[in-house]
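A quick write-up on the structure given underneath.
The values are calculated or read from the model by the stated rules, or taken from the named source; none is laboratory data. Given the structure is predicted, the values throughout are model-derived calculations rather than measurements. Counting neighbours? That spans all protein chains shown, and the Cβs are built from the backbone with ideal geometry, glycine included.
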Amino acid sequence: MAPNASAAADTFPKLLIRNALLYGTRPAMRQKDLGIWQTWTWAEVLDIVRAYAVGLHRLGLKRGETIAIVGANRPKLYWSVMAAQMLGAVPVPVYADAVAEELSFVLAHADVRYAAVEDQEQIDKILSVKERLPKLDQMVYDEERGLRDYDHSHLRSIDDVIEDGRKALAGDPTVAAWIDAEIAAGKGSDPSIILYTSGTTGTSKGVVLTGERSIKAATDTVIFDKLNENDVALAYLPLAWVGDHYLNYAQGLVAGFSMACPENADTAMQDLREIGPSFYFAPPRTLEMLLTRVMIRMEDAGFLKRKMFHYFIGVARRYGERILNGQQVALTGRLLYAIGNILVYAPLKNVLGFSRVRVAYTAGEAIGPDLFAFYRSIGLNLKQLYGQTEAFLYVTAQPDGEIYSDTVGPACPNVDIRIADNGEVLFKSPGMFAGYFKDDAKTAEAMTLDGYVKTGDAGFFDEKTGHLKIIDRAKDVGRLTDGTLFPPKYIENKLKFYPNIREVVAYGDQRDFVCVMINIDLTAVGSWAERNNVVYGSYQELAGHSQVYDMVEKNVAEVNRSLAQDTVMAGAQIKRFLILHKELDADDGELTRTQKVRRGFIADRYGALVKALYDGSKEADISTEVTFEDGRKGTISARVKIRDMKTEPVPAMGKAA
């Protein structure tokens, strides 16, 4: 295992130097380019980043200034983060798919003077809002395609900046001494990065993280999961999300493992199979998508292959998790599982790219027990964690051998958790944030008087396991008019466990009953439509089809039966539902960039539909503005049908709190 980050290595540039000394010839970063994997060793990365930092300084970037990082997972953008940190500047990653409006807010709020971007698309977005960014002076870019005729007076390629730095280092010995002194001058208490929150509940806030705290947190979890320089991770998560900066960048520098960047977002799953990571993270949505694709392919397989697959998946469900956890299983069960591993599980994991995965995590949303059990049953060591940007991700994580689908694990090493009187989860952690950028009032609001961070999530510790359970956002947990508890996310996630359903928005707080809006999963329902000769020309047409409503109605009925078994939740069964005429989209403000539902915004935007759900209407007209990929606006109009649901009898205790 890599040595723990010493007290001297309290910044990421210092860790980079340590890794170049310890693992100089080992791969630090890989990228698939034009179908071929390119590799850079730790020594090569240090050499490139030093030159890049010198080049950026020659452009004018100084200690304490901010530089935006805009684009997908590419080595030169990660090197932009490292180079900025070498100079004592502060990188500010921005979501690559952010529209110009979102981009301008972050760049203006962060006082950005410089931006390192991926390609022409990102440059065009920034130029379209340049009048709102008076401080922006220089942009450097990775991909030069399409930029030949642009005004380059404030535009440089990253390669040119690196080459300029190389020449300066080679031509003047004092430059090398200067950059080394700059790295040494960096303090662990200095801001290391600013990560903007997803804005689920309002305007995004800039979370300031320091190098020292970030490294302490990453060191704890590297030890927790026994990560080392031999591990490999696929860097496909958004650069601006805390998950990528923690799981790949911070843990990679602490442990010394190799980080591989996919060719592009569309090839990420194929690249996953090729690179064969040993450490992997996927949000539940990705795991659902992968399983949906597997099940669709099996529906099209031959009769014998399909029967064999389902038989051995049944075997895995009976014995797989117990075998993975080291529990006693009868010889017959072990033998059947071993045969299943040869015929089904190992080939399936190979197809998915999981053959070499030693540790896998999921987080971001609750994961369905069946989905979670499926991956663990085929031998994937999938675990859950709970965290947030203000904690530098980890607050809890499941230790090996203590895996439960309905909990997120105990507190991580050196993390202290307590539950407030109102049920809100509070924590102190090694990686906790230094504050919100330019917002002391919000920082104070997020903290208790004795230094705990308020998560905004409601939860409790499970008496049987001692692990934390998260119910919902504390402010979103409400009650029906008869007093029945109403946690919307709990109901939404129950529906999202079905492959036909992609997204759900539940309503019921201070109302007489629960209603839901549903987005179907186009891949799963489209495959079903093809097999059942259902003709459709668009998502809107498929979503409004009566047979699709029949299928979703069965899913809702099953959820109601499940809720009826819970004495606390039985009164929150779904009375009415509709299928939205369009997919919820981050570009339209309906989802955050991390794909979380902005429930309040949707309630306002689809007010006519919410009204119809509660006034007894059988259908409602809606006209919705949409944003296309090129930024143009359009309108989608539809008449949306509403269905009533039969609910199960409510037990006598169903309204207990």
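Here are the numbers for the structure shown:
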{"quantity": "Filter pass, I574 being touching a residue at least 40 places away in the same chain (Cβ under 8 Å) and more than 17 Å from P488 (Cα to Cα)", "calculated": "no"}
{"quantity": "Residues within region 155-178 that are surrounded by 15 or more Cβ atoms within 10 Å (Cβ to Cβ), of a type in the set (A, V, I, L, M) and in a helix (DSSP H, G or I), tallied", "calculated": "6"}
{"quantity": "Residue, nearest to A524 (Cα to Cα), within region 251-302, restricted to residues that are polar (S, T, N, Q) and free of Cβ contacts under 8 Å to residues at least 12 places away in the same chain", "calculated": "T286"}
{"quantity": "Close pairs (6 angstrom Cβ cut-off, 6 or more residues apart or separate chains): in contact (Cβ under 8 Å) with a residue 60 or more places away in the chain and farther than 14 Å from K646 by Cβ in region 546-564, among the hydrophobic types (A, V, I, L, M, F, W, C) and in a helix (DSSP H, G or I) anywhere", "calculated": "none"}
{"quantity": "Answer from S192, S204 - the residue that is assigned to a loop (DSSP other than H, G, I, E, B), in contact with a strand residue (DSSP E or B) (Cβ under 7 Å, 6 or more places away or on another chain) and buried (at least 16 other Cβ atoms within 10 Å of the Cβ)", "calculated": "S204"}
{"quantity": "Residue satisfying all of: in region 208-239; within 24 Å of T443 (Cα to Cα) and surrounded by fewer than 24 Cβ atoms within 10 Å (Cβ to Cβ); farthest from the chain's Cα centre (by Cα) among these", "calculated": "E212"}
{"quantity": "Positions within region 496-526 being assigned to a helix (DSSP H, G or I), closer than 17 Å to K554 by Cβ and at pLDDT 90 or above, in sequence order", "calculated": "V525"}
{"quantity": "Check on A181, in contact with a Leu (Cβ under 7 Å, 6 or more places away or on another chain), assigned by TED's automatic domain parsing to the domain that holds R58, within 28 Å of I215 (Cβ to Cβ) and of a type in the set (A, V, I, L, M, F, W, C)", "calculated": "no"}
{"quantity": "Any hit, region 56-64, residues being in contact (Cβ under 8 Å) with a residue 40 or more places away in the chain, closer than 30 Å to G276 by Cβ and not acidic (D, E)", "calculated": "no"}
{"quantity": "Any hit, region 618-625, residues being surrounded by 17 or more Cβ atoms within 10 Å (Cβ to Cβ) and not β-branched (V, I, T)", "calculated": "yes"}
{"quantity": "Count - residues of region 507-537 that are crowded, with 21+ Cβ neighbours inside 10 Å and free of Cβ contacts under 8 Å to residues at least 60 places away in the same chain", "calculated": "2"}
{"quantity": "Residue satisfying all of: in region 319-342; within 36 Å of the chain's Cα centre (by Cα) and loosely packed, with under 15 Cβ neighbours inside 10 Å; nearest to P399 (Cα to Cα) among these", "calculated": "N325"}
{"quantity": "Total residues in region 593-602, condition part of a loop (DSSP other than H, G, I, E, B) and either in contact with a helix residue (DSSP H, G or I) (Cβ under 6 Å, 6 or more places away or on another chain) or surrounded by fewer than 20 Cβ atoms within 10 Å (Cβ to Cβ) (or both)", "calculated": "3"}
{"quantity": "Meets criteria (within 22 Å of F486 (Cβ to Cβ) and in a helix (DSSP H, G or I)) for V559", "calculated": "yes"}
{"quantity": "Verdict on V129 being modelled with pLDDT under 95, β-branched (V, I, T), in the same structural domain as L61 (by TED's automatic domain parsing) and out of contact with any strand residue (DSSP E or B) (no Cβ under 8 Å at 6 or more places or on another chain)", "calculated": "yes"}
{"quantity": "Of all residues in region 1-23 being small (G, A, S) and modelled with pLDDT under 95, the one that is surrounded by the fewest Cβ atoms within 10 Å (Cβ to Cβ)", "calculated": "A7"}
{"quantity": "Lone unmet requirement of (1) in contact (Cβ under 8 Å) with a residue 24 or more places away in the chain; (2) assigned to a helix (DSSP H, G or I) for A181", "calculated": "(1)"}
{"quantity": "Residues of region 26-41 classified as crowded, with 18+ Cβ neighbours inside 10 Å and not hydrophobic (A, V, I, L, M, F, W, C), total", "calculated": "5"}
{"quantity": "Members of region 556-580 found to be under 28 Å from N533 (Cβ atoms) and surrounded by fewer than 20 Cβ atoms within 10 Å (Cβ to Cβ), listed by number", "calculated": "A557, E558"}
{"quantity": "E503 vs. criteria among the acidic types (D, E) and out of contact with any strand residue (DSSP E or B) (no Cβ under 7 Å at 6 or more places or on another chain)", "calculated": "no"}
{"quantity": "Listing of strands (runs of 3 or more DSSP E) fully contained in region 372-421 that carry 1 or more residues being of a type in the set (V, I, T) and over 26 Å from L239 (Cα atoms)", "calculated": "416-419"}
{"quantity": "Options V552, V650: the member that is surrounded by 12 or more Cβ atoms within 10 Å (Cβ to Cβ), outside the structural domain of K494 (by TED's automatic domain parsing) and either β-branched (V, I, T) or within 30 Å of A240 (Cα to Cα) (or both)", "calculated": "V650"}
{"quantity": "Selected residue [assigned by TED's automatic domain parsing to the domain that holds D566 and part of a loop (DSSP other than H, G, I, E, B)] from G451, G483, G466", "calculated": "G483"}
{"quantity": "Subset tally (residues that are over 17 Å from E619 (Cα atoms) and within 24 Å of the chain's Cα centre (by Cα)) for region 498-552", "calculated": "14"}
{"quantity": "Where G364 falls short, out of the listed (1) at positive phi; (2) assigned to a helix (DSSP H, G or I)", "calculated": "(2)"}
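The rows are residues; the columns are (1) under 23 Å from V597 (Cα atoms); (2) modelled with pLDDT of 95 or more.
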{"residue": "I339", "(1), (2)": "no, yes"}
{"residue": "I342", "(1), (2)": "no, yes"}
{"residue": "K383", "(1), (2)": "no, yes"}
{"residue": "A397", "(1), (2)": "no, yes"}
{"residue": "G401", "(1), (2)": "no, no"}
{"residue": "N414", "(1), (2)": "no, yes"}
{"residue": "V425", "(1), (2)": "yes, yes"}
